[in-house]
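A.B. asks: I have a structure here, written as structure tokens, and I will follow up with some questions on it.
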Amino acid sequence: MLILLASLGGCETLGYYTQAVRGQLELTLARDPVAELLAAADTQPELKARLARSQELLDFIEANLGLVARGRYRSYVALDRNAVVTNLVATPALSLVPHRWCYPVAGCAPYRGYFRRAAAERAAARFAERGFTTYLGAVPAYSTLGWFRDPLLSTFIYWSDARLLSLLAHELSHSRVWIDGEVENNEAFATFVGEQAVREWFAAQGDAGQAALARYQEGQAGWRRLQPLLDQLKARLGAVYDSALDTAAKVQARDQLYAALRACYDAERARYGGGRYDRYVAALNDAVLAARATYVDRVPAFQVLFEQAGGQWPAFFDAAEALAAQGAAERAEVLDRLSVDSAEQQVAENGDDPNAEQVQCHALADHAPDGHGAAAEYDDVGRGRDR
């Protein structure tokens, strides 16, 4: 590892990889086997209950999805912070395309993770000085793609069963399918796997599970309803940034669009979670939208791929692996087509129902880049989802 670091060169790069190696090493050395913690008399009862539940959820994932843990999440680490790493996302001025960093093995990614938030804040400040828009996101877990036996962490062990199951399935799926340099596709794939795992887990519990699933989905309804607004905002910002407007006009249009989104949110806060996402909406900027796109834009495509596989996990994973083996251009074409199929399916299901989830924000529509309302060319928004 030291030879690798030396070959990368550059003080900033060397410093980054040094902290990454140190952080991973600290996690590796601090692991306690779950079996020992469950047997220990001094393990806190609440922690013991959550550890036991995590093992049951892992067993469900292995038995029903076919994702084999191979020792991952069979150990536990208690951290002194609420996030294992802090991710930095940075977008150039007037752009929704994030800066990309490249790493050995994993390829390039639109974020950089730091084990200490102070280091992430310093890096963000350096990007801000260069005119970038930045976002720092707290990350509760990450996958080492099977290179290490990833532990359970105090940052997520106390989550609800459904959230914990989704996270574990998400992270384990990265070891099944990973495309170097295509984090957006990797994360969308894993996000779908986690969401579908939760649906099947509830379904396996019979009538009680269906009622619990309905409650779980209702808890997520505010976030789901917010997504079309974020899609509209992203589409209109993209049109502004790609337009022939001068810089000052683009900045003015950008600020108006963000203000319009917040006005829409404030007008129907009860519909969008009753204030649950106030902080998220207040913090929205180009880097936040770029981070969201990494996880949600391709999720509908993988939903369609799963349906085409007959809803069977072996066939789905085989299809995903075949997709990963294709060339980048061919893969993008397939995923684009699947996304279109998903959009058409939603239109067919919702029809002209005015109560459907895909609701337009009139304030956003009234702030099209040309200042004359929502032109048709700006209405083809994405249909992503997020957790």
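The values are calculated or read from the model by the stated rules, or taken from the named source; none is laboratory data. Quick caveat: nothing in here was measured; it's all calculated off a predicted structure. Glycine gets a Cβ as well: all are built from the backbone with ideal geometry, and neighbour counts include every protein chain shown. Each accessible area value is taken on the protein alone, full model and side chains, heavy atoms only, with ligands, DNA and RNA left out. Shrake-Rupley method; radii C 1.70, N 1.55, O 1.52, S 1.80 Å.
A.B. asks: Has the stretch 97-110 got at least one residue that is over 21 Å from ASP297 (Cβ atoms), at pLDDT 95 or above and crowded, with 17+ Cβ neighbours inside 10 Å?
C.D. replies: No, every residue in the stretch 97-110 fails to be over 21 Å from ASP297 (Cβ atoms), at pLDDT 95 or above and crowded, with 17+ Cβ neighbours inside 10 Å.
Every residue, every condition in (1) under 15 Å from the mean Cα position of the chain (by Cα); (2) modelled with pLDDT of 95 or more, yes or no:
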position: LEU172; (1), (2): yes, yes
position: ALA188; (1), (2): yes, yes
position: PHE192; (1), (2): yes, yes
position: ALA212; (1), (2): no, no
position: GLU218; (1), (2): no, no
position: ARG224; (1), (2): yes, no
position: LEU233; (1), (2): no, yes
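A.B. asks: If you check VAL299 against the conditions, is it over 27 Å from ASN64 (Cβ atoms) and crowded, with 18+ Cβ neighbours inside 10 Å?
C.D. replies: Spelling it out, it is not the case that VAL299 is over 27 Å from ASN64 (Cβ atoms) and crowded, with 18+ Cβ neighbours inside 10 Å.
A.B. asks: In addition: Residues ARG225, ARG279: which one is within 21 Å of CYS361 (Cβ to Cβ), touching a residue at least 12 places away in the same chain (Cβ under 8 Å), not polar (S, T, N, Q) and not in a loop (DSSP other than H, G, I, E, B)?
C.D. replies: ARG225
A.B. asks: Being part of a helix (DSSP H, G or I) and open to solvent by less than 20 Å² (accessible area, probe 1.4 Å) is the filter here, so list the residues in the stretch 165-184 that pass it.
C.D. replies: LEU165, SER166, LEU167, LEU168, ALA169, HIS170, GLU171, LEU172, SER173, HIS174, VAL183
A.B. asks: For a quick check of your reading of the model, give me the residue pairs whose first member lies in the stretch 247-272 and is closer than 15 Å to ALA363 by Cα, whose second is among the basic types (Lys, Arg), with beta-carbon atoms closer than 6 Å and at least 6 apart or on different chains.
C.D. replies: LEU257/ARG236
A.B. asks: Considering only the stretch 168-226, state which residues are small (Gly, Ala, Ser) and touching a helix residue (DSSP H, G or I) at 6+ places or on another chain (Cβ under 7 Å).
C.D. replies: Answer for the stretch 168-226, where residues must be small (Gly, Ala, Ser) and touching a helix residue (DSSP H, G or I) at 6+ places or on another chain (Cβ under 7 Å): ALA169, SER173, ALA188, ALA190, GLY194, ALA197, ALA203, GLY209, ALA212.
A.B. asks: I'd like the full set of residues that are assigned to a loop (DSSP other than H, G, I, E, B) and over 14 Å from PHE115 (Cβ atoms), limited to the stretch 149-160.
C.D. replies: ARG149, ASP150, PRO151, SER154, PHE156, ILE157, TYR158, TRP159, SER160 - these are the residues of the stretch 149-160 that are assigned to a loop (DSSP other than H, G, I, E, B) and over 14 Å from PHE115 (Cβ atoms).
A.B. asks: Given (1) surrounded by 15 or more Cβ atoms within 10 Å (Cβ to Cβ); (2) of a type in the set (A, V, I, L, M); (3) in a helix (DSSP H, G or I), identify the lone condition not met by ALA249.
C.D. replies: Only one criterion is unmet by ALA249, namely (1).
A.B. asks: List the residue pairs whose Cβ atoms are under 9 Å apart, where the first residue sits in the stretch 38-55 and is free of Cβ contacts under 8 Å to residues at least 40 places away in the same chain and surrounded by 15 or more Cβ atoms within 10 Å (Cβ to Cβ), the second is among the β-branched types (Val, Ile, Thr) and outside any loop (DSSP other than H, G, I, E, B), and the two are 6 or more positions apart or on different chains.
C.D. replies: Note: pairs meeting the criteria are GLN55/VAL34.
A.B. asks: Quick one: GLY274 ticks every box in (1) farther than 14 Å from PRO228 by Cα; (2) in a helix (DSSP H, G or I) bar one, so which box is it?
C.D. replies: GLY274 satisfies every listed condition except (2).
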